[in-house]
Amino acid sequence: RSLFRSDRAALEADLREAVKQQQFTLHYQPQVVGTGYLTGAEALVRWHDAELGNVPPSLFIPLAEESGFIIAIGNWVMGEAVRQATLWQKAGRPVVVSINVSALQFQQPDFVERVNSTIRSAGLNASLVELELTESILLKDANEALARLHALADLGVSLAIDDFGTGYSSLAYLKKFPISKLKIDRTFVMGLPADESDRAIVGATIAMARALKLSVVAEGVETAAQRDYLRELHCAAFQGFLCSPGLPAADFEKLIASLPKAGGAP
Ligand code: C2E
Ligand code: MG
Ligand code: MG
């Protein structure tokens, strides 16, 4: 079977098996400022199937969301990312690890308690965890979502809005919710610096984030020209192939050993 030919039902069966056998790994992609000092790492799930090879998340995450497997996958990701962050903490090289949370996972009644117990039982400093949420978490029950976000913030984890600008944006939530970061979606960064509408959207997002005292990270930065333009707009923080793609933990450690340390000229 090839990934190209495989139909939905077959892929779903494979995914069920992958969940059962925990055939997932995590890669870590650095978030950096300026010339490259590290501010954090995003945990990105990887699925390697013996027959299909590496199945891209853009293919299996939507399927996992529809089938409900995302809950089991998300729980595994949470446990594994916290385990890794705890190892880095113990090694004296703390790294803020960002974990993607899908809407269905966020809506689980035990979600907040699970985050809490995972972090506490590992002995991890909660400030080393950031949860990446999408605007879609607000669609279902905004009041319940608000209560849940406050409960999470009270645990000491920080909250970021992922893919900002691509969802059903109600800007009202930005002032109401205990969010500390916006991640500008790659689709807006892609056209920088040439595309006029991308420049307008990214410029406005950065200005708004500054006014609301939120930090902002640009996603999918691939060129020095994009990074330099973002820096002119006062967004020095970025994540993207220009610095590095997601890497297995061991390779990530080698990479960060070679990055400049905080305090150096950004
Ligand atoms: P995302 O959370 O927006 O993650 C960023 C995606 O952009 C990652 O794709 C990353 O590899 C890719 N990326 C980063 N820099 C660049 C760049 O410079 N150029 C290009 N072309 N791409 C770049 P990935 O790993 O394929 O993940 C895709 C999406 O799958 C993620 O988007 C996220 O929505 C979802 N995902 C990944 N891991 C998890 C997870 O553990 N749980 C959940 N719920 N979703 C996940
Ligand atoms: Mg993300
Ligand atoms: Mg994103």
Residue among Ala41, Ala64, Ala81 that is within 30 Å of Gln226 (Cα to Cα), touching a residue at least 12 places away in the same chain (Cβ under 8 Å), part of a helix (DSSP H, G or I) and within 15 Å of ligand 1 (Cβ to nearest atom): Ala81
Working only within region 159-208, note down all residues that are closer than 25 Å to Asp141 by Cβ, charged (D, E, K, R) and assigned to a helix (DSSP H, G or I). Lys175, Lys176
Filtered residues of region 124-143 (kept if within 16 Å of ligand 2 (Cβ to nearest atom), polar (S, T, N, Q) and at pLDDT 90 or above): Thr134
Name the residue that is surrounded by the most Cβ atoms within 10 Å (Cβ to Cβ), counting only residues in region 47-59 that are assigned to a strand (DSSP E or B) and touching a residue at least 40 places away in the same chain (Cβ under 8 Å). Val55
Can you tell me which residues in region 4-38 are in contact (Cβ under 8 Å) with a residue 24 or more places away in the chain and among the acidic types (Asp, Glu)? Glu12, Asp14
Any idea which residue in region 182-194 is nearest to Leu146 (Cα to Cα), counting only those that are surrounded by 14 or more Cβ atoms within 10 Å (Cβ to Cβ) and either more than 10 Å from ligand 1 (Cβ to nearest atom) or of a type in the set (Ser, Thr, Tyr) (or both)? Leu182
Of Ile201, Ile179, the only residue that is within 16 Å of ligand 2 (Cβ to nearest atom) and buried (at least 16 other Cβ atoms within 10 Å of the Cβ) is Ile179
May I ask you to verify whether Glu144 is out of contact with any helix residue (DSSP H, G or I) (no Cβ under 9 Å at 6 or more places or on another chain) and buried (at least 16 other Cβ atoms within 10 Å of the Cβ)? no
Limited to region 209-221, what total is found for residues that are on the phi < 0 side of the Ramachandran plot, outside any helix (DSSP H, G or I) and either in contact with a strand residue (DSSP E or B) (Cβ under 7 Å, 6 or more places away or on another chain) or within 16 Å of ligand 2 (Cβ to nearest atom) (or both)? 7
Is it fair to say Ala172 is in contact with a helix residue (DSSP H, G or I) (Cβ under 8 Å, 6 or more places away or on another chain) and away from ligand 2 (no atom under 16 Å from the Cβ)? no
The number of residues in region 123-137 that are buried (at least 18 other Cβ atoms within 10 Å of the Cβ), more than 16 Å from ligand 1 (Cβ to nearest atom) and either among the hydroxyl-bearing types (Ser, Thr, Tyr) or part of a helix (DSSP H, G or I) (or both) is 1
Residue that is buried (at least 19 other Cβ atoms within 10 Å of the Cβ) and closer than 26 Å to Gly167 by Cβ, where the choices are Val77, Val95: Val77
Regarding region 92-112, can at least one residue be identified that is farther than 30 Å from Lys140 by Cα, among the acidic types (Asp, Glu) and not in a helix (DSSP H, G or I)? no
Would you be able to say whether some residue in region 40-48 is at pLDDT 95 or above, under 16 Å from the mean Cα position of the chain (by Cα) and of a type in the set (Lys, Arg)? yes
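The values are calculated or read from the model by the stated rules, or taken from the named source; none is laboratory data. Note that the structure is predicted; figures quoted are calculated from it, not measured. We place every Cβ from the backbone using ideal geometry, glycine too, and count neighbours over all the protein chains shown.
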